[in-house]
1. State, to one decimal in nm, how far the label point of residue 110 lies from the label point of residue 305, with both points 7 Å from Cα in the Cβ direction.
2. Fewest to most neighbouring Cβ within 10 Å: what's the order for 54, 333, 232?
3. Seen from all sides and averaged, what is the projected area of the convex hull of the Cα atoms in the range 223-302, in nm²?
4. Quick one: 116, 104, 259, fewest Cβ neighbours within 10 Å first, how do they rank?
5. With a 10 Å Cβ neighbour count serving as the proxy for reagent exposure, in which order, fewest first, do 60, 106, 308 appear?
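Laboratory data are not the source of any read-out in this text; all were calculated from the coordinates shown. Because the structure is predicted, anything quoted here is derived from the model rather than measured. Here the Cβ is made from the backbone with ideal geometry for all residues, glycine too, and neighbour counts use every protein chain on show.
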């Protein structure tokens, strides 16, 4: 029964992600904004909602014990950047190789990629420091949490400001397929306009949130069934499942040579989930330096720093992202063996 609930929830999330992505491309094209803004802000934040809902629901709900709720919350918060910076990059590289070959160079808009990774490392560095601050020092934790919120809003302003120049340089968002609602109901006179685009966005987001809610209901039962702690389960399984929209969207875009959207969808989510969500965890959970947490944080920083280094070198090929996959494999070995 638990597995059935999780599979249905994942299917709903997948359908919602497809619906959301399609509407998002049309919105970006209509508003004449860059692929970087569409990927790093709209898609990243929108499709990060499933992973966002898990720690929020876990920490603020009254279901189960406080320890389980806190472990699920912390694991989901820290597990998302870990998976995005390692496994997701590796999977995207695999699909790029399958479609474009080993030697094809990945060409995301470099300025936006470096900006995303730099701001993520800054925010995640603050989150890491907070792990070593006692829970009783609430004033220090509050300062760090506020700093993380400010970091994300400064990042938003810089990303939006860069949009106009990127559109002029040829990085404007272009929809690759007709709007789903128009494709389905165009024969009965449904037009493609701003209302229809926003309606499809709302439908996609509703499906994503509904699927995430169903997934949360099965997390505790799955933890008991597998014999794993809620923290390890949250670090490994919850992010992989609820971040499925990120992988799907980026894989679709990387196969269509929309590298800026593909990378921005991942790195933008990393900034979002490496700043705003840790602020919640720092204030409302113990946020303590356990082995599983430290291993995940260190490997996340290593994988992200490596990706930033490769982006600054100017040459980025799919094979370079295999290192990120090794980082994820290393974490599995550390926590399970």
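1. Those two pseudo-labels are separated by 2.3 nm.
2. 333, 232, 54
3. Spelled out: convex hull of the Cα atoms, projected over all directions, averaged, 6.6 nm².
4. Taking fewest neighbouring Cβ atoms as first place, the list is 104, 259, 116.
5. With the sparsest Cβ surroundings first, the list reads 60, 308, 106.
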